[in-house]
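Data block below; observations after.
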Amino acid sequence: MSDFTSTRILNDPALDGPINMARDESLMTRVGRGESPPTLRLYQWNPPTISLGYFQPYAEYEKLRPPAGALAVVRRLTGGGAILHDLELTYSLMLPLDHSLLRNGPRKLYELAHDAVISTLGALSIQADRCGETDDSTPTRGPFFCFERRHCVDVLLDGNKLAGSAQRRTRDALLQHGSIILGNRFDQQTTARPDVSIEETITALREDLPCRLAQATGATFSPGDWTTDELGAATALIPKYKGQAWTRRT
């Protein structure tokens, strides 16, 4: 069992795709080794970036027309379809496999996280809910964009997807990514379009989402900071996510 008793909250600024993905992989690895505490990382993207799912063929991105097809592209560690990250808040949750949030299994974590998102948005008068149905998409088959796919625990608003998540598991750790998309400047990706102040909603999510998770699970969340070692490990991974070998892998 890990010696860490609290899940750390890291509030990052908007960063580019390779830096964001490198930071998540660095944390997942270190959390699994017991070198870093369980961590909830909240962040945004600049510039707008398309992230491909781990198993998604790069050739699908090459078929995408501008303007979305002219955006930066990076490949995630997690599966599913592509996501156009722009007017959103992304969360990543890195946990050792013995963490209390996983006591009912990794799949239950989707429900916990999405219900926390729904609860937080509800306090802002955004009446979202779970999808309730799953389509026949697979990691390698389905619409190009993840937000056109459906899983029963996805978060919908007026029939359109507002939030979805995906996981990556190793022998000793779990990484769960989730995108909460609050606006859309690219019609090629169909998403919900809540009538809200995006900046105010993102601020509320950063403040309230950890509280909602804590209330639902009894886990403890505490604000924290990056360590020098963590940032160094993340920096060393940036070339991987900038490189063609990873991005264009099949």
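With respect to the stated conditions, Glu133 fails to be of a type in the set (D, E, K, R) and in a helix (DSSP H, G or I). Scanning the range 76-118 for residues that are under 16 Å from Ser179 (Cα atoms) and either touching a helix residue (DSSP H, G or I) at 6+ places or on another chain (Cβ under 8 Å) or of a type outside the set (Ser, Thr, Tyr) (or both) yields a total of 27. The selection criterion, being surrounded by 19 or more Cβ atoms within 10 Å (Cβ to Cβ), in contact with a strand residue (DSSP E or B) (Cβ under 7 Å, 6 or more places away or on another chain) and under 13 Å from Ala216 (Cα atoms), does not hold for Leu84. The strands (runs of 3 or more DSSP E) found entirely in the range 1-104 that carry 3 or more residues being farther than 16 Å from Thr170 by Cα and free of Cβ contacts under 8 Å to residues at least 40 places away in the same chain are 7-15, 49-52. Of Ala166, Ala216, which residue is on the phi < 0 side of the Ramachandran plot and surrounded by fewer than 18 Cβ atoms within 10 Å (Cβ to Cβ)? It is Ala216. Determine if the range 124-140 includes at least one residue that is in contact with a Pro (Cβ under 6 Å, 6 or more places away or on another chain) and either aromatic (Phe, Trp, Tyr) or under 26 Å from Phe221 (Cβ atoms) (or both). Looking through the range 124-140, at least one residue is in contact with a Pro (Cβ under 6 Å, 6 or more places away or on another chain) and either aromatic (Phe, Trp, Tyr) or under 26 Å from Phe221 (Cβ atoms) (or both). Restricting attention to the range 143-169, the residues that are under 17 Å from the mean Cα position of the chain (by Cα) and among the polar types (S, T, N, Q) total 2.
Right, Arg248: of a type in the set (Lys, Arg), under 24 Å from Thr78 (Cβ atoms), under 19 Å from the mean Cα position of the chain (by Cα) and surrounded by 13 or more Cβ atoms within 10 Å (Cβ to Cβ) or not? No, not satisfied. One residue alone among Thr140, Thr134 is closer than 24 Å to Glu25 by Cα, of a type in the set (Ser, Thr, Tyr), surrounded by fewer than 16 Cβ atoms within 10 Å (Cβ to Cβ) and over 17 Å from the mean Cα position of the chain (by Cα), and that residue is Thr140. Just one of (1) within 23 Å of Tyr54 (Cα to Cα); (2) within 19 Å of the chain's Cα centre (by Cα); (3) not aromatic (Phe, Trp, Tyr) fails for Ala116. It is (1). In summary, His177 fulfils each of the numbered conditions (1) exposed (fewer than 15 other Cβ atoms within 10 Å of the Cβ); (2) within 25 Å of Leu71 (Cβ to Cβ) with the single exception of condition (1).
Screening Asn46 with (1) crowded, with 17+ Cβ neighbours inside 10 Å; (2) modelled with pLDDT of 95 or more; (3) not aliphatic (A, V, I, L, M) gives one miss only, at (1).
The values are calculated or read from the model by the stated rules, or taken from the named source; none is laboratory data. Quick caveat: nothing in here was measured; it's all calculated off a predicted structure. A quick note on method: Cβ atoms are made from the backbone with ideal geometry, for glycine too, and the neighbour counts reach across all protein chains shown.
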